[in-house]
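Below: the structure, in structure tokens.
The values are calculated or read from the model by the stated rules, or taken from the named source; none is laboratory data. Bear in mind that the values here come from a model prediction, so they are computed numbers and not experimental data. FYI the Cβ positions are ideal-geometry reconstructions off the backbone, even for glycines, and counts take in every protein chain you see. Only protein heavy atoms, including side chains, enter the accessible area calculation; ligands, DNA and RNA are left aside. Shrake-Rupley method; radii C 1.70, N 1.55, O 1.52, S 1.80 Å.
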Amino acid sequence: MTDLDERITSTLREHAEGAVDSHRLLRDSVARGRRRRLRRRAVTGTALALVGVLGFVGVTNPGLGRLPWTAATPSVGAPVPPRVDGMPGAAADPTRVGADPDLLHFGVDPARARLLAWRTGGGVEGGRLDLGGGRIVAVDLSTDAAAVERSVHEGMTYPDVPVTAAGFDGGVQRVSPPGPGGQPGWFLRWQPAPGLYARVHTVAADAGVLREAIAALRLDEAYRCATPLRLTTLPPDASVAGCEVSVVGFPDSLDVLLTVTRPGGQRLDVRLEYGSDVPRRRTQGNRTIGDRAGYVPPHGGELELLGVDRAYVTARFGPPYRGFTEADATVVLGGARLADDLSRPSTWE
């Protein structure tokens, strides 16, 4: 336990009964501080650019839920998914979209935009595009129009009634009440190819940025959802069903979510949160994961892998998820492999 851990624990025990989970308290405090910094930067950018910035969460459940709704553009070149040569893009073979959690069947023209976040899972592929000048647009692709409509981005205003497949006609929809900053939400839905449904949306003064985002998309390319975290062992009948990466704050921070599922709606989330403000290696835990230390908080429901420098690596199996156990989480984290340097994309797999 660090000096900061001890001070936090000592102070809280003077005002409360029972054990204090200083690990979780410290982790959440760091995450909140990072959210506040990113939010302040984004608010400044929004005021200058008169546009909103979309957050990024999971397809049907909270994904990278610790990320802020608003986000700043990285000060240095952010990582990009590596291209997979010979693999058809979404327009050439829509049936591949959302079928492999390790693949993205779209990209962006680097001269027009860059990806600040990308994700796969639940039959949907998507991400967040930075068009420059604080103009951020979210994109979702799927062979299922309903799945696209279920895909949500934190802080966004959505229609009360989801649009059906017939509504993917290229029209622009304005949604009120306005989102953060007092600006409306804008949606544009279309079918880039038969059987493929796509949606872009943003919070902005007008809808012009949506057409720019569509022009920046490349649907004839495929990319791998590369991350610095790899899972090499899984419980019986389990598989990795989703991959999410946010490089919004890179190189100061990085967020990764790998979703593990098995039949019957069972789900376990493995989350990597890297940050320059995260404490250095912590090794004092209450569990053992192979030859490494682990930690389960008093409330249970999640297992943390300790000993990772400047990062939190956790497997959450408790509510709202069900089916997986602490033993399953131990198997998953026991096979977790991280890049030698989380801040160097060249070491990612």
Heavy-atom accessible surface of segment 99-140: percent carbon and sulfur, 1.4 Å: 53 percent
Hull volume in cubic angstrom per residue (convex hull over the Cα atoms of segment 270-349): 106 Å³
Compactness index (Cα Rg / 2.2 N^0.38 Å), segment 101-170: 1.17
Accessible-area order (highest first, 1.4 angstrom probe) of the listed residues Arg189, Arg211, Arg96: Arg211, Arg96, Arg189
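Would you mind calculating the relative contact order of segment 140-287 from Cα pairs under 8 angstrom and at least 6 residues apart, reporting the percent as a whole number?
After rounding, I find 14 percent.
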Förster-model FRET efficiency, 25 Å R0, Asp277 and Ser346, C-beta, rounded to 0.05: 0.60
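I'd like to compare 264-275, 126-137: which one has the highest average count of other Cβ atoms within 10 Å, and what's the full order after that? Intermediate values should be presented prior to the final figure.
Details: 264-275: 20.1, 126-137: 22.8.
Going by the mean number of other Cβ atoms within 10 Å, highest first, we get 126-137, 264-275.
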Protection proxy ranking of 104-113, 234-243, 198-207 - average other beta-carbon atoms within 10 Å, highest first: 198-207, 104-113, 234-243
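Write down the accessible area per residue of segment 204-335 in Å², having rolled a 1.4 Å probe over the full set of protein chains. Write out the running numbers ahead of the final one.
Numbers: 5000 Å² over 132 residues.
Value returned for segment 204-335: 38 Å² of accessible area per residue.
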Simple label model, 7 Å out from Cα along Cβ direction - Ala215 to Asp109, nm: 0.7 nm
Segment Asp93-Ala165, extension gain: residue separation times 0.36 nm, minus the distance between their alpha carbons: 24.1 nm
Surface per residue (accessible, 1.4 Å probe) for segment 77-120, Å²: 43 Å²
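Report the Stokes-Einstein translational diffusion coefficient (µm² s⁻¹, integer) for segment 178-287, Rh taken as the Kirkwood radius over Cα pairs, at 37 °C with viscosity 0.692 mPa s. Intermediate values should be presented prior to the final figure.
On the way: Rh = 18.1 Å.
Estimated diffusion coefficient is 181 µm²/s.
Efficiency by 1/(1 + (r/R0)^6): what FRET value for Thr288 and Thr233, r their Cβ-Cβ distance, R0 = 25 Å, to the nearest 0.05?
On the way: r = 15 Å, r/R0 = 0.62.
Approximately 0.95, to the nearest 0.05.
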Under Karplus coefficients 6.51, -1.76 and 1.60, residue-wise ³J(HN,Hα) of segment 98-108 in Hz, glycine/proline x: x, 8, 10, x, 9, 10, 10, 9, 8, x, 9
With DNA, RNA and ligands ignored, accessible area of Thr227 (1.4 Å probe; Å², nearest 10): 10 Å²
Packing rank of 255-261, 305-311, where each peptide gets the mean count of other beta carbons within 10 Å, highest leading: 255-261, 305-311
